[in-house]
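Taking it in order: structure first as structure tokens, then the write-up.
The values are calculated or read from the model by the stated rules, or taken from the named source; none is laboratory data. Only a predicted model underlies this, so the values are computations on that prediction, with no experimental measurement involved. Here Cβ is always computed from backbone atoms with ideal geometry, including for glycine, and neighbour counts include all displayed protein chains. In case anyone asks, the SASA skips ligands and DNA or RNA and just uses the protein heavy atoms, side chains included. Shrake-Rupley method; radii C 1.70, N 1.55, O 1.52, S 1.80 Å.
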Amino acid sequence: ASFTLLCFRSPLVTPLIFGLLLQAPFTQPSTITQPNFVLLLADDLGIGDVGCYGNDTIRTPNIDRLAEEGVKLTQHIAAAPLCTPSRAAFLTGRYPLRSGMDAINDYRVIFWNAGSGGLPPNETTFAKILQHQGYSTGLIGKWHQGVNCESRNDHCHHPLKHGFDYFYGMPFTLISDCQPTETPEMDRAFRRKLWLSTQMIGVITLTAVLGRLTGLISVHWRTLTCLAGFSLLFFISWFSSYGFVRYWNCIMMRNHGITEQPMVTDRTTSLILRESISFIERNKHKPFLLFLSFLHSHTPLLTTEKFLGRSRHGLYGDNVEEMDWMVGQVLDAIDKEGLKETTLVYFASDHGGWLERQEGERQLGGWNGIYKGGKAMGGWEGGIRVPGIFRWPGLLPAGTVIDEPTSLMDIYPTVVHLAGGEVPQDRVMDGRDLLPLLRGAVAHSEHEFLFHYCGAHLHAVRWHQKDTGAVWKAHFVTPIFSPPGAGACYERGFCPCFGEGVTHHEPPLLFELSQDPSEAKPLSADTEPLFDSVIRKIGRAIEEHRRTLTPVPEQLSVSNVVWKPWLQPCCGTFPFCWCDKEGD
């Protein structure tokens, strides 16, 4: 409306308009320089688990309040369907393939604190740019981007090397192995094979010894000794890592120092909340960035007694409701310090809910609403469409809903520009500044195409046809659900990206998401007149996109993800790693 008013030339109207423009909150972003940023990122939370996205049984009043007081994105897309690559994209504003943080193999995330892969030191995170702009930067919670490269204390992948002044949390990720009462989760199928192999070798060795003692077979004792030695070495080679997962991976750190090894899960939630509020209180007099990376709602679903049994969705629902309470506590801390008007708050999940995560009759993973698929599925919406909420009172219009394609990668340029920094010019950036869209200055997202990877394998591409409002999505590869028709890969536990567990489509499966968001009715040349032209347009976009890719070291190669004892963070003298400094 202000643009049409400028057409008037009356001397009475002009000063009136000028005065209104000075007062209009949504037209003067420069009135607040260098706002604070509180970025809240949930772990494995499905878009269907939140009240403001349609869930009417899990109570999330604080997240819902953010949406009421801010802007809700309904087509907010993760750059990857798993933790490590999605978070790498979030931190760098680039597809994880560009930094080597997506895998061509089945090891699609960081597996050990003592692996050598991780977010490369030459990547520039938004935290590093804000640090240079004078911000205090803190990361509380989950990292999962690696720790060391060549020695136990080089910390080349550590948060403090990537722009954070302060870190408290898990350098790894929460897994069921961290809870002694839970069934081990990490590499479960592979671990079973190792146990079976150990038992078979042991039986063979014992049979040979008994045969030699009874005279049934003629074997030299030296041969039997070598066989027994091999059996023992084989067992030690894998049990030294997998047998102590809780000690090697389930640790808490403050900056470079280990505070708990293994972590004491009963108090983890209260400590993370305490650290988050303390960071806000310590830095209230200067601009700050707080990245609160929740351990909720990843298994083993650490939930305090106060919230157990409160929800109508078992332990998972209890855990989500506790996380919502934590969000409320952080928002209250912002209000208490008088920072609400000068703080941009963002809430999202790193990817979709884990459909296959079950223990007997218990569903331990999230729900993705009307969207097909879930965690680990790079193409289907349920794996990559996540909640996305921004709140900045006075600058962003409250109660706004935007149904435009946006990405977690967009946080990077949005935050950097608001902080007065510049995005790197020496590399391809895939994120786009969201502020004009959030404030209503433009009607459409800058994204024309979004590329949906599963590991390093391109599974689908989204084309936003802005002149018509259509959102086309072509699937080139989809996982084979097991059992058939189940909607997930329950028999595997995870859907694969390649091999016998996927189907290649030629021509691709095509959907128009604005009409079919559940991806239930694939289009064809017979049912859609634009089918061929849409596929050609997407094909040209893929060619252009691939020309922007350059070879980089694979951070998730087998050699980088295996456990290396010389890289193991250790509170003590390796291998006697144990401490509880919080308890002390």
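Note on Val264 and Gln358: with the Förster distance fixed at 25 Å, the Cβ-Cβ geometry gives a FRET efficiency of about 0.40. For the stretch 188-242, the relative contact order works out to 41 percent when only alpha carbon pairs closer than 8 Å and six or more residues apart are counted.
Reported to the nearest whole Å, the Cα centre-to-centre distance from the stretch 342-360 to the stretch 521-580 is 19. Considering only C-alpha atoms, what is the centroid distance from the stretch 319-334 to the stretch 387-449, in Å? Spelled out, the Cα-based centre of one part sits 24 Å from the other. Note on the stretch 188-242: percent of Cα-Cα distances in each 5 Å bin, starting at 0 and stopping at the bin with the largest distance, equals 4, 21, 25, 20, 13, 9, 6, 2, 0.
Can you order the peptides 33-45, 61-73, 89-101 by their average number of other Cβ atoms within 10 Å per residue, highest first? Walk me through the intermediate numbers first.
Working: 33-45: 23.2, 61-73: 21.0, 89-101: 26.7.
Ranking, from highest mean packing down: 89-101, 33-45, 61-73.
Taking all Cα pairs closer than 8 Å and separated by 6 or more residues, the relative contact order of the chain comes to 26 percent. Shown for the stretch 188-242: the carbon plus sulfur share of the solvent-accessible area, taken with all protein chains present and a 1.4 angstrom probe, equals 74%.
How much net charge surrounds Asn105 when only other residues with a Cβ under 14 Å from its Cβ are counted (Lys, Arg +1; Asp, Glu -1)?
Neighbour charge sum, excluding Asn105 itself: -3.
Ranking His220, His144, Phe494 by how far each Cα lies toward the positive end of the dipole of the chain (charges on Cβ) leaves His220 at the top.
Each pair of Cα atoms in the chain enters the Kirkwood radius, and Stokes-Einstein at 4 °C and 1.567 mPa s then converts it into a translational diffusion coefficient of 51 µm²/s. According to the square roots a ≥ b ≥ c of the eigenvalues of the Cα gyration tensor, what is the shape class of the stretch 395-462, taking rounded for a/c under 1.5, prolate for a/b larger than b/c otherwise, and oblate for the remainder? Oblate shape, in that a/c is at least 1.5 and b/c is the bigger or equal ratio. Which pairs, out of Lys466/Lys537; Lys72/Lys284; Lys142/Lys375; Lys284/Lys340; Lys306/Lys340, put more than 20 Å between their alpha-carbon atoms? Pairs exceeding the cut-off: Lys72/Lys284; Lys306/Lys340.
By DSSP, the beta bridges lying fully in the chain are antiparallel in about 60 percent of cases. Residues in the stretch 353-367 carry Karplus couplings, in order, of x, 8, 5, 7, 7, 9, 10, x, 8, 7, 8, 9, x, x, 10 Hz; the curve used is 6.51 cos²θ - 1.76 cosθ + 1.60 with θ = phi - 60°, and Gly or Pro positions show x.
Computed from backbone phi, the HN-Hα couplings of the stretch 470-477 come to 6, 10, 8, 9, 10, 9, 9, 9 Hz, rounded to whole numbers (Karplus: 6.51 cos²θ - 1.76 cosθ + 1.60, θ = phi - 60°; Gly and Pro given as x). Our helix-only sum for the chain, with -39,500 (n - 2.57) per DSSP H run of n ≥ 4 divided by its residues, gives a mean residue ellipticity at 222 nm of -9000 deg cm²/dmol. In this structure the amide hydrogen of Cys489, modeled in the peptide plane, comes within under 5 Å of the amide hydrogens of Ser482, Cys495, none closer than 5 places in sequence on its chain.
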